[in-house]
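Participant: Below is one structure. I have some questions about it.
No value in this document is a laboratory result; all are computed from the given coordinates. Bear in mind the structure is a predicted one, so any value in this text is a computation, not a measurement. Neighbour counts run over all protein chains shown; Cβ positions are idealised from the backbone, glycine included.
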Amino acid sequence: MTHTTSRRPTKRLVEHDNQQRGMLVCMRMSIPPMLARRKGESRISDSFPNYGEHQMNIQPYLYFDGRCEDAITFYREAVGAELVMLMRFGEAPDGEGCAGPMPPADKVMHACLQIGDSQVLVSDGFAAGNPEFKGVSLSLNADDDAHARKLFDALAHGGQVQMPLAESFFATSFGMLTDRFGVAWIIVVSKPMPGA
């Protein structure tokens, strides 16, 4: 079997429904000289570690519609997220920001958070002020029950608990919540499965 290498695209379009209007956020993702904000700083492509390679990697991309910076601060405190990179709309090269009206220059165009072994990508999108996160949850595997309780309580602060953290047949700790930004989370410490 022969394996062919496809050409690396020069642009990535990230679709964002934005209240069912079908708009597109258009960001240049793979022209290294243009993406370096300043010497020694991260590029947007650094937050897509497998971009252009043949390893599949799913990364959630959350649009906070104007509250992205608050969300970044919250997740750094609640789950120990590390900020890998951040680019504001005002830092984009002229004409390279997005399709449609340009959001305020101080809003977050693209940022990457490292949470444990995973990366979560975040943005203000069109900063319309009405983020919606429907039909999806972020599942976070805690180290142990004490860690699960710490994560659960931190994420639930200012949010809403759907299922209190408790033991279940498949986990020593399992709980569901929606945080203050409307993002749904599942916190779990799995039990060893029979035969595993």
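Participant: How would you rank 130-142, 63-75, 169-181, highest first, on the average number of other Cβ atoms within 10 Å across their residues?
Facilitator: So the order, starting with the most tightly packed, is 63-75, 169-181, 130-142.
Participant: Next question. So, R0 is 35 Å and r is the distance between the beta-carbons of residue 144 and residue 94; what FRET efficiency does that work out to, to 0.05?
Facilitator: With a Förster radius of 35 Å, E is 0.10.
Participant: Moving on to the next point. Compute the length gained on full extension between residue 168 and residue 117: take 0.36 nm times their separation in residues and subtract their Cα-Cα distance, giving the result in nm to one decimal.
Facilitator: Working: separation 51, 0.36 × 51 = 18.36 nm, distance 2.50 nm.
Roughly 15.9 nm would be gained on extension.
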